[in-house]
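The values are calculated or read from the model by the stated rules, or taken from the named source; none is laboratory data. Note that the coordinates shown come from a computational prediction; the quantities given were computed from them, not determined experimentally. When we count neighbours, we look across all protein chains shown, and the Cβ atoms used for this are built from the backbone with ideal geometry, even at glycine.
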Amino acid sequence: MNIAVCDDEEKVRVYIRKRIEMQSEHSRIMEFSSGGALLAYWQQKDRERIDILFLDISMAGADKMETAEQILKWKEARKEPLWGELPLLIFVTSSPECMPKSFADTAFQYLVKPVSGRAFEEVFAQAVREYRHLTARKRTESKEITVRIGNKTRTIMADDIYFIESSNRKIIVSIQDEEIECYGKIGEMENELGQGFFRIHKGYLVNMEHVDRYSRSEVLMKNGGRLLISKYKYPDFIKAYLAYISPPDNGLSENGI
């Protein structure tokens with residue numbers, strides 16, 4: 001479990017860290033002294049996922065609530081739910097009455113400074129339970145694949161994959177705003193991912209959930225990718241795609257570019 005603490009007061013960060021370690025000794029804890037530092041980390045392509053975020057929304061200077069606003073905008077841009085999804089946002093504030101309703105609705109919980117030990121224990125225990133529930137549900141609902149990048153491995157949710165491209169002896173996995181070059185064979189990925197993915201060309205495997213539109217010569221993905229479709233694959237792709245997007249017993253109709 002990865003936990004981030006963003007607060008411009010070092011004593012608060014130290015206090016929260018100690019409290020976390022008392023209740024969850026195996027968690028990885030990251031500290032950020034400003035909203036800018038947190039946002040810079042958030043934009044890194046190879047960053048560690050943040051599962052629980054303690055965010056001070058009453059920081060001094062220009063940060064204040066702008067950090068929370070930017071995080072919510074990013075989640076909206078990625079069409080992620082603002083609640084019931086990781087990371088769990090726990091707002092820390094000196095003035096709870098000044099917290100906008102939009103933040104109160106999207107936060108998992110909030111803590112008021114000075115944070116008492118009992119209040120922290122209760123909120124953190126709730127967050128851990130919710131984290132376990134969400135990760136268990138995600139494993140049930142969506143597949144994961146593990147890819148090898150050099151000497152490291154990385155886990156990718158199947159739902160996050162837009163398409164996979166074969167490139168020489170490697171593959172390129174395209175997700176929302178990143179391309180991950182790794183070792184592997186596209187045929188093996190096709191077998192592993194199974195239903196919901198279709199091989200439109202010997203060099204392209206697409207997630208039908210992220211198909212925007214298509215023609216006889218190419219498939220346009222929702223992240224802007226334009227992929228060549230084999231004329232031999234086209235008829236089978238049409239059948240598979242229309243079956244995928246159409247409810248049972250409903251009429252089918254093509255959706256071209």
Exactly one of Arg199, Arg216 is more than 23 Å from the chain's Cα centre (by Cα), farther than 16 Å from Tyr162 by Cβ and not in a helix (DSSP H, G or I), and that one is Arg216
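Hey, among Ile171, Ile186, Ile200, which residue is free of Cβ contacts under 8 Å to residues at least 40 places away in the same chain and over 19 Å from Ala240 (Cβ atoms)? Reasoning before the result, please.
On the way: Ile186 fails: over 19 Å from Ala240 (Cβ atoms); Ile200 fails: over 19 Å from Ala240 (Cβ atoms).
It is Ile171.
Only one residue in Ile145, Ile156, Ile164 is more than 15 Å from the chain's Cα centre (by Cα) and either in a strand (DSSP E or B) or surrounded by 18 or more Cβ atoms within 10 Å (Cβ to Cβ) (or both). Which one? Don't jump to the end; show me each part of the working.
On the way: Ile145 fails: more than 15 Å from the chain's Cα centre (by Cα); Ile156 fails: more than 15 Å from the chain's Cα centre (by Cα).
It is Ile164.
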Count of region 16-52 residues which are touching a residue at least 12 places away in the same chain (Cβ under 8 Å), within 17 Å of Ala125 (Cα to Cα) and among the charged types (D, E, K, R)
4
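Select from region 169-187 the residues that are of a type in the set (Val, Ile, Thr) and either out of contact with any strand residue (DSSP E or B) (no Cβ under 8 Å at 6 or more places or on another chain) or crowded, with 17+ Cβ neighbours inside 10 Å (or both) and list them in ascending order. I'd like the intermediate steps shown before the answer.
Taking region 169-187 first, the residues of a type in the set (Val, Ile, Thr) are 171-173, 175, 180, 186.
Matches in region 169-187: Ile171, Val173, Ile175, Ile180, Ile186.
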Is it true that some residue in region 90-102 is modelled with pLDDT of 75 or more and farther than 22 Å from Val12 by Cβ?
no
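Matching residues to (1) modelled with pLDDT of 90 or more; (2) surrounded by fewer than 20 Cβ atoms within 10 Å (Cβ to Cβ); (3) in the same structural domain as Arg132 (by TED's automatic domain parsing):
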residue: Asp8; (1), (2), (3): yes, yes, yes
residue: Ile16; (1), (2), (3): yes, no, yes
residue: Gly35; (1), (2), (3): no, no, yes
residue: Gly61; (1), (2), (3): no, yes, yes
residue: Ala68; (1), (2), (3): no, no, yes
residue: Lys73; (1), (2), (3): no, yes, yes
residue: Pro81; (1), (2), (3): no, yes, yes
residue: Thr106; (1), (2), (3): no, yes, yes
